[in-house]
Amino acid sequence: MDSPHHFSVVKGAKVLMVGAGGIGCELLKTLALSGFQDIHIIDMDTIEVSNLNRQFLFRQSHVGLSKARVAREAVLKFRPQISITPYHANVKDSNFDLDFFKQFNVVLNGLDNLDARRHVNRLCLAAEVPLVESGTTGFLGQVTVHVKGKTECYECQPKPAPKTYPVCTITSTPSKFVHCIVWAKELLFTKLFGDKNQENDLNVRSGDAASSSNHVEDVFERRNDEDIDQYGKRIYDHVFGYNIEMALSNEETWKNRNRPKPVYIRDSLPDAPTQQNGNVEKNGTTNDPSSVSAMASLGMKNPQDIWSLKENSRIFLEALKLFFLKREKDIGNLTFDKDDQLAVEFVTAAANIRASSFGIPLHSLFEAKGIAGNIVHAVATTNAIIAGLIVIEAIKVLQNDTKRYRMTYCLEHPSRKMLLMPVEPFEPNKSCYVCSETPLLLEINMHRSKLIDIIEKIVKPKLGMTSPTIMHGSDILYETGDDLDEDLLASYAAKADTVLSELSCLMNGGSMLTITDLFQELRCDINIKHREAFDEEKEPDGMVLSGWNQAPSEENNGGDKSPDNNEKETVLSKKRKLSEDGLQSEETTRANKKLEVIDEDDDLVMLDDGDFGTFKKRQS
């Protein structure tokens, strides 16, 4: 690779990096040291204290500053002769359009979310600019190459959907600690500190919500004559005591389950008046709300300790008090943030108290933060390895060395003495609606569902479009844009709120909708088919989209060969079995590779030429 041609393509290349975090810091350094002269970086984030253990271009003094700008300044100190252009912005901003992407020779992704990845993939396809994708999760990582017409695009294979849990499990019958975390984070934290108008099943257990009394409905409102300690005690007794008592009243629920034990303040803190819980002054006079800490007030230091029920109860009451004393102006607008120390403390304590009630093992704040923030703790070495692999593939792309493109997986444990597993890229998936424009099928009850339901349940979340235009033939049914006048917007809003069967163009089944996103240069055709009934449990959207790359269910014996791991994201994994001669498995339709799902730990893959390795897949 060390040839005059190699150095000329590197020196003359114009490269776009998206993401300046864990992978991005390593990547920028490696690009600079590899001879790249013109690098552009997009990142919307600012530097946080939690970044400093692995994002080595940043220091304590940089906290709160733009990642892209600080990364540029740090690298220019040892490579002052190169050009680095930072953009402190969202890659989905309208400034980064098709013309912007067309100016680059290659795009290198170091992102941490599925939505942005899909957006960049679509713009690279439209601009016909090669994309090198990457991601890490702990010790696992991968680098993949996507070139229009030559390899599959990022969306040719399904990406696992976010793990969701039934409301009844969260509110009434938790069996895992993650259920308690979801309850504390999405229900209790939101009820106390978030949008008061948001519907919430917390006042009583979900089955009694419809018949709740006025007193119960107002239980989370702080009374005029109530001090913060009394309020905290009342909330504690209501959610951990009274609500559990109400749940126990339904004997049918507990026939085949362990019965929970109500927890009241008198039980968990029998000898400690709540008025003397902690020392608020230990938080000092900090101007940073996110640094306020209940642990500091109580003199507790180690986030890896597993607190007792008494300690969790003290943290719960102290955290609630600190929100009202130190951050009262934020109450009503707060959402959970894993970098908000007080929020993490409150959610950890609440989840542990609930776990104690249901006989579920307690967890440390460190563990709870990882679950609540969907975090797999990052490893700096993995990021460095992946960054090096990105640059190797980028150079191959710039040299148009198609035959040597590789998808490379970084493994946690050696397989046949290999920690890196290179795989030849797959060809484009002919059924991919993104790069092959294959029509999709939507089954929907046209007499009940509205156009807005398709937009909110299909077009935006599943197809990932941000600025969709929906047409039936030449008739525009829906459009977005700042340049539209009010009358037109009102007309589109009225159509969107209309039942499908009442739209003249969609009165009969078999109609086709054309959906475009001009910003992403993406077009998709959807055939509409009327269906009368849906399974509320298996098809909760009341509609079913076929032909798109939906994530395989946990019971599905097919699998995605791509792990698509991401820093800061949890792992959803399956295991493939290897026999002495290869895989004892079903034959896939993708390039005659063989896979078999065995359980939910690691993916073990055997390829036709004998290369193999393990990898994990993430939740997106």
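At-a-glance table
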{"item": "Strands (runs of 3 or more DSSP E) enclosed by segment 101-198 - at least 1 residues per element that are open to solvent by less than 60 Å² (accessible area, probe 1.4 Å), within 23 Å of P422 (Cα to Cα) and hydroxyl-bearing (S, T, Y)", "result": "131-137, 140-146"}
{"item": "Tally of residues being part of a loop (DSSP other than H, G, I, E, B) and surrounded by fewer than 16 Cβ atoms within 10 Å (Cβ to Cβ) across segment 244-271", "result": "10"}
{"item": "Candidates S415, S449 - the one that is under 23 Å from S511 (Cα atoms), more than 26 Å from the chain's Cα centre (by Cα) and not acidic (D, E)", "result": "S449"}
{"item": "Sole residue being of a type in the set (S, T, Y), in a helix (DSSP H, G or I), on the phi < 0 side of the Ramachandran plot and surrounded by fewer than 24 Cβ atoms within 10 Å (Cβ to Cβ), chosen from S356, S313", "result": "S356"}
{"item": "Selection from segment 413-455 of residues that are closer than 24 Å to R531 by Cα and either among the basic types (K, R) or assigned to a helix (DSSP H, G or I) (or both)", "result": "R448, K450, L451, I452, D453, I454, I455"}
{"item": "Those residues of segment 375-396 which are hydroxyl-bearing (S, T, Y) and either more than 28 Å from D337 (Cβ to Cβ) or surrounded by 20 or more Cβ atoms within 10 Å (Cβ to Cβ) (or both), in sequence order", "result": "T382"}
{"item": "Test: L98 is more than 22 Å from the chain's Cα centre (by Cα) and either open to solvent by less than 10 Å² (accessible area, probe 1.4 Å) or touching a residue at least 12 places away in the same chain (Cβ under 8 Å) (or both)", "result": "yes"}
{"item": "Residues of segment 1-20 satisfying the condition of being open to solvent by less than 40 Å² (accessible area, probe 1.4 Å) and in a helix (DSSP H, G or I)", "result": "H6, V9, V10"}
{"item": "Segment 328-353, residues that are open to solvent by 50 Å² or more (accessible area, probe 1.4 Å) and closer than 21 Å to G232 by Cα", "result": "E328, K329, N333, T335, Q341"}
{"item": "Number of the exception - H215 against (1) at pLDDT below 85; (2) assigned to a loop (DSSP other than H, G, I, E, B); (3) over 32 Å from the mean Cα position of the chain (by Cα)", "result": "(2)"}
{"item": "Condition check for L298: open to solvent by less than 50 Å² (accessible area, probe 1.4 Å), free of Cβ contacts under 8 Å to residues at least 40 places away in the same chain, touching a Gly at 6+ places or on another chain (Cβ under 6 Å) and not assigned by the TED database to the domain that holds D45", "result": "yes"}
{"item": "Residue within segment 485-494 that is in contact (Cβ under 8 Å) with a residue 12 or more places away in the chain and in a helix (DSSP H, G or I) present", "result": "yes"}
{"item": "Total residues in segment 50-92, condition out of contact with any helix residue (DSSP H, G or I) (no Cβ under 7 Å at 6 or more places or on another chain) and assigned to a loop (DSSP other than H, G, I, E, B)", "result": "10"}
{"item": "Residue among I23, I39 that is buried (at least 23 other Cβ atoms within 10 Å of the Cβ), of a type outside the set (S, T, N, Q), in the same structural domain as V132 (by the TED database) and assigned to a strand (DSSP E or B)", "result": "I39"}
{"item": "Boolean, A394 is modelled with pLDDT of 90 or more, in a helix (DSSP H, G or I) and over 25 Å from T151 (Cα atoms)", "result": "no"}
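Quick grid of which residues meet (1) modelled with pLDDT of 55 or more; (2) surrounded by fewer than 17 Cβ atoms within 10 Å (Cβ to Cβ); (3) within 26 Å of A116 (Cβ to Cβ):
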position: K495; (1), (2), (3): yes, no, no
position: C524; (1), (2), (3): yes, no, yes
position: V544; (1), (2), (3): yes, no, no
position: Q550; (1), (2), (3): no, yes, yes
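The values are calculated or read from the model by the stated rules, or taken from the named source; none is laboratory data. Since we're looking at a predicted model, the values are computed, not measured. Positions of Cβ are generated from backbone atoms using ideal geometry, with glycine treated the same way; all protein chains shown enter the neighbour counts. Areas reflect the complete protein model, heavy atoms only, side chains present, ligands, DNA and RNA absent. Shrake-Rupley method; radii C 1.70, N 1.55, O 1.52, S 1.80 Å.
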